[in-house]
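Values in this text are rule-based calculations from the coordinates and carry no lab data. Note that this is a predicted model, so its numbers are computed, not measured. Using ideal geometry, Cβ is built from the backbone for each residue, glycine included, and neighbour counts are taken over all protein chains shown.
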Amino acid sequence: MAKSVLSAPHFQTEAAAFAYVEAELWPNGPVCPHCGETARIGQLNGQTTRAGLRKCYACKKPFTVRMGTIFEDSHLPLHLWLQIIHLMCASKKGIATRQIQRMLKCSMKTAWFLGHRIRLAMAPDASAGPLGGSGKTVEADEMFLSKSFKTKKTAEELAIGRRQATPQVLSLVERGGNIRSMFLDHRMVGPFLYEHVHKDSRLVSDSAQHYKFPPVASHESVDHSKFEWARGDVHTNTLEGFFSIFKRGLIGIYQHVDKKHLDRYLAEFDFRQNNRAKLGIDDTKRAEIALQGVRGKRLTYQTTHREHPEAQA
Ligand SMILES: [Zn+2]
């Protein structure tokens, strides 16, 4: 990562960081998060005033652009947030929690949680809609994340004397469009396809049992058991490249990903794939797109920690 990239003012000073984020999130000027007021808003500029502090004269309440975003429950200065977002957007395989920790000189817990909030910003919102549609092809394929032989068997595995089913990721990609991945049980493949693939699409997959009756207009498959990987344009090669980047990222960067958190990592890799350089999106633009996703998404460490008490962070 070139140092010069992070020398831009919004990565270096709080005032510039606020100006940058405000321009991105409030393109038409400030909006009061309490009451929606857009006109009667003042900027507070005292010596001891926090950067970016505004006051709404409609509801009399103070606010900043951080309110109602992933930045809200954080003490980390905004310009440092922007540095980390930029690096996560610019690194093809993501950045390690330890790297964040070193950069910010913060605790592992802070670094880990910061990464997860940025992943949340990268996740598509619920209004994204299904992939595909009439005349469009959607590839579906799975990636198995096998456990390393070095990892200890769980008590349950020792009892049954074998490895349990490996974690499985299902990815869908609309050719020429977006990718969407989820960590799921193979029994959930049907419902996932139903929710995320437009019914007028053409689906291509391998011949696994769970693709037998897909809820789509047409379906073609290749039979890996007969060493058939592609038949004309019936293949899942678009996903193969993505899987290899994800696996290398998972091995190299995120060495100890708990499967409970896998969906967030998938959202991060999907995001970079969907906003890749080949589509004309450079690192700066990608970070701007990620920034658009910070709104309306709050994740508190308490919640994450309660859901996943094993998280050492
Ligand atoms: Zn207000």
* Structure fact -> Taking W112, W229 and counting other beta carbon atoms within 10 angstrom, the fewest-first order is W229, W112
* Asked: Using a Gaussian network for the chain with springs between C-alpha atoms less than 10 Å apart, which of these wobbles most: V294, V138, V257?
  -> V257
* Normalising by the residue count of the chain, find the relative contact order in percent from Cα pairs under 8 Å and 6+ residues apart. => 22
* Asked: How would you rank L114, L6, going from fewest to most other Cβ atoms within 10 Å of each one's own Cβ?
  -> L6, L114
* Asked: Expressed as cubic angstrom per residue, what is the convex hull volume of the alpha carbon set of the chain?
  -> 173
* Structure fact -> Note: I251 to E72 extended length (0.36 nm per residue) minus current alpha-carbon separation gives 61.3 nm
* Asked: How far, in degrees from 0 to 90, does helix 262-274 lean away from the longest principal axis of the Cα atoms of the chain, to the nearest 10?
  -> 80
* **Karplus (6.51, -1.76, 1.60) ³J(HN,Hα), θ = phi - 60°, over the range 121-126, in Hz, Gly and Pro reported as x** => 5, 7, 5, x, 7, 4
* Asked: Using the count of nearby Cβ atoms within 10 Å as a rough guide to exposure, how do F271, F183, F144 rank from fewest to most?
  -> F144, F183, F271
* Among A126, A111, A217, residue whose mean-square fluctuation peaks in a GNM of the chain (springs only between Cα atoms under 10 Å) -> A126
* Asked: Using a Gaussian network for the chain with springs between C-alpha atoms less than 10 Å apart, which of these wobbles most: R54, R231, R295?
  -> R231
* Which Cys residues of the chain have no other Cys Cβ less than 4.7 Å away and so no disulfide-compatible partner by this rule? -> C89, C106
* Structure fact -> Quick shape check on the range 36-131: root eigenvalues a ≥ b ≥ c of the Cα gyration tensor, a/c under 1.5 is rounded, otherwise prolate if a/b tops b/c, else oblate, and it reads oblate
* Asked: Hey, what did the range 171-245 get for relative contact order, percent, Cα under 8 Å, at least 6 apart?
  -> 26
* In debye to the nearest 20, how big a dipole does the chain give about its Cα centre with +1 on each Lys and Arg Cβ and -1 on each Asp and Glu Cβ? -> 1000
* Asked: Which listed residue (G190, Q273, I251) has the Cα farthest towards the positive end of the charge dipole for the chain, taking +1 on Lys and Arg C-beta and -1 on Asp and Glu C-beta about the Cα centre?
  -> I251
* Would you pull out the residues with amide H under 5 Å of V197's amide H, same chain only if 5 or more places away, H placed 1.01 Å from N? => L131
* Can you give the angle from 0 to 90° between the axis of helix 14-25 and the longest principal axis of the chain, with both taken from C-alpha atoms, to the nearest 10? -> 60
* Structure fact -> For the chain, the longest principal axis of the Cα atoms and the Cα long axis of helix 283-292 enclose an angle in degrees, to the nearest 10, of 80
* In nm, to one decimal, how far is the L44 label point from the Q209 one, both placed 7 Å along Cα→Cβ? -> 6.2
